[in-house]
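Chemist: Quick one: structure below, then a few questions.
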Amino acid sequence: HWEVYAGDAGWDTSMTPSLWVPVVAAGDKPYDSFHNGDPAVVLHDGVFHMAFSSVGVTPVTDATGKQRLHLVSCVMAATSADGLHWKKSEKPIALWSKEYADPWYLVDGKVAGPPPGYMGSYHRPALMYDSGRWRLWFDYYLSGTFLSLGAMENAGEFLRPEAWHLVRADEAPLLRDWPNACVVRAGQWLYSFSDAPYYPPEVGGEGRMITMARSHDGLDWEVLGHLRPEPEACSHVPEALVMDGWLYVFYAYKPIVQPWDYRYKEIRMMRHRLADDGTLAK
């Protein structure tokens, strides 16, 4: 039985969407005017800390006089004392250094291909407070891959963009073809799950399903393998949780039907027992 935040009215239990109120919404900045989503939230020292995807769309006129829409994708931060009222960072905390110099455009309502050498569109963050510092993983566009995984860190103030520094991205991703990543710690290990594409035929061929990797430092990863979905189904957008000696993974489930239906029908969960050191128990 779920309750949805409804602002001054409190919490809605009737599942009436017209009553629901957002806790974070897009603003009016070039990097934050169109979309806010993909939240990753950590409760630390009694304060909720959020990293989230942000997209801005700005009308521009190119050298030929053609009207275009400049897309800016990035990761922003926010904090809250109650999880309902949030303060956003003044600027993105994760933004490709050339996002404005080599822009990605919408032309005639369609997304144009990225310019040569484009390695931006930072999005879909995974957030963790680990060993006295904030750690952020995100996916980004890298030519020749589906979406690849990058990383940033911050040992200072969470909302201060200047306190965040890039650890790895550009042409040296942590993992190639690793979209929608989540990262959790279990003992000495970090585990990451992704709905990664491009499987060998013996595990499903060209498709997307939940894939698992592990790392000691969060930078050098070993891909452990693929979690095969049910027959005639897709498994996407994993979210992991470590609790009481178990590693849980929640994921969106969608049967493959014709004609194609883009809607996810269910959220499912699986779990694996952990040993005391965080390894997967047999």
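The values are calculated or read from the model by the stated rules, or taken from the named source; none is laboratory data. Computed from a predicted model, the values in this text were never measured in an experiment. Don't worry about glycine lacking a Cβ; one is built from the backbone with ideal geometry, like all the others, and counts go over all protein chains shown. These area figures cover heavy atoms from the full protein model, side chains too; ligands, DNA and RNA do not enter into them. Shrake-Rupley method; radii C 1.70, N 1.55, O 1.52, S 1.80 Å.
Chemist: Which one of LEU43, LEU19 is modelled with pLDDT of 95 or more, among the aliphatic types (A, V, I, L, M) and farther than 25 Å from PRO161 by Cα?
Modeler: Answer to the selection: LEU19.
Chemist: How about the range 164-269: which strands (runs of 3 or more DSSP E) wholly inside it have at least 1 residues that are touching a His at 6+ places or on another chain (Cβ under 8 Å)?
Modeler: Numbers: elements: 165-168, 182-186, 189-194, 210-215, 222-227, 233-243, 246-255.
It comes to 189-194, 210-215, 246-255.
Chemist: Need pairs with beta-carbon distance below 6 Å; first residue over 30 Å from VAL242 (Cα atoms) and within the range 15-44, second open to solvent by 60 Å² or more (accessible area, probe 1.4 Å) and in a loop (DSSP other than H, G, I, E, B); sequence gap 6+ or separate chains.
Modeler: Sorted first by the residue in the range 15-44, then by its partner, the pairs are ALA26/PHE34.
Chemist: Taking the range 94-128 as the search range and keeping residues that are modelled with pLDDT under 85 and on the phi > 0 side of the Ramachandran plot, which one is most open to solvent (accessible area, probe 1.4 Å)?
Modeler: ASP108
Chemist: Then there's this: When the residues of the range 253-277 are narrowed to those that are at pLDDT 90 or above and open to solvent by less than 80 Å² (accessible area, probe 1.4 Å), which ends up farthest from MET209 (Cα to Cα)?
Modeler: Just the residues of the range 253-277 that are at pLDDT 90 or above, to begin with: 267-277.
After this cut, where a residue has to be open to solvent by less than 80 Å² (accessible area, probe 1.4 Å) as well, the list is 268, 270, 272, 274-275, 277.
Numbers: ARG268: 13, MET270: 14, HIS272: 17, LEU274: 22, ALA275: 25, ASP277: 27 Å.
My answer is ASP277.
Chemist: To continue, here is another question. Yes or no: VAL72 farther than 26 Å from VAL242 by Cα and touching a Gly at 6+ places or on another chain (Cβ under 6 Å)?
Modeler: Values: farther than 26 Å from VAL242 by Cα: yes; touching a Gly at 6+ places or on another chain (Cβ under 6 Å): yes.
Yes: the conditions hold for VAL72.
Chemist: Okay, next question. Given the condition free of Cβ contacts under 8 Å to residues at least 60 places away in the same chain, assigned to a strand (DSSP E or B) and over 25 Å from LEU166 (Cβ atoms), answer yes or no: does some residue in the range 95-106 qualify?
Modeler: Within the range 95-106, one or more residues are free of Cβ contacts under 8 Å to residues at least 60 places away in the same chain, assigned to a strand (DSSP E or B) and over 25 Å from LEU166 (Cβ atoms).
Chemist: What is the number of the single condition among (1) open to solvent by 80 Å² or more (accessible area, probe 1.4 Å); (2) farther than 30 Å from GLU171 by Cβ; (3) assigned to a strand (DSSP E or B) that PRO39 does not meet?
Modeler: The failed condition is (2).
Chemist: Pairs please, first residue from the range 139-162 and at pLDDT below 95, second anywhere and open to solvent by 20 Å² or more (accessible area, probe 1.4 Å) and small (Gly, Ala, Ser), Cβ atoms under 8 Å, 6+ apart in sequence or on different chains.
Modeler: Listed by first residue and then by second, the contacts come to SER143/GLY117.
Chemist: Let me ask something else. Could you count how many residues in the range 79-92 are surrounded by 14 or more Cβ atoms within 10 Å (Cβ to Cβ) and under 11 Å from TYR31 (Cα atoms)?
Modeler: Residues meeting the conditions: 2.
Chemist: Still on this model: Being open to solvent by 50 Å² or more (accessible area, probe 1.4 Å) and not hydroxyl-bearing (Ser, Thr, Tyr) is the filter; apply it to the range 48-64 and report the residue that is farthest from TYR122 (Cα to Cα).
Modeler: Among those that are open to solvent by 50 Å² or more (accessible area, probe 1.4 Å) and not hydroxyl-bearing (Ser, Thr, Tyr), it is ALA63.
Chemist: So the check is Cβ under 6 Å with 6+ separation or different chains; which pairs have a first residue in the range 255-267 that's aromatic (Phe, Trp, Tyr) and a second one that's modelled with pLDDT of 80 or more?
Modeler: Listed by first residue and then by second, the contacts come to TYR264/ALA252; TYR264/LYS254.
Chemist: Kindly indicate the residue of the range 56-82 that is touching a strand residue (DSSP E or B) at 6+ places or on another chain (Cβ under 8 Å), at pLDDT below 85 and part of a loop (DSSP other than H, G, I, E, B) and also nearest to TRP104 (Cα to Cα) among those meeting that condition.
Modeler: Among those that are touching a strand residue (DSSP E or B) at 6+ places or on another chain (Cβ under 8 Å), at pLDDT below 85 and part of a loop (DSSP other than H, G, I, E, B), it is ASP62.
Chemist: Tally the residues that are farther than 23 Å from TRP178 by Cα and either open to solvent by less than 20 Å² (accessible area, probe 1.4 Å) or in a loop (DSSP other than H, G, I, E, B) (or both), restricting the search to the range 129-162.
Modeler: 8
Chemist: Scan the range 1-16 for residues that are at pLDDT 95 or above and of a type in the set (D, E, K, R) and jot them down.
Modeler: Once the filter is applied, which keeps residues that are at pLDDT 95 or above and of a type in the set (D, E, K, R), the range 1-16 yields GLU3, ASP12.
Chemist: Suppose we keep only residues that are acidic (Asp, Glu) and without any contact (Cβ under 8 Å) to a residue 40 or more places away in the chain within the range 230-252. Which one would you say is least open to solvent (accessible area, probe 1.4 Å)?
Modeler: GLU230
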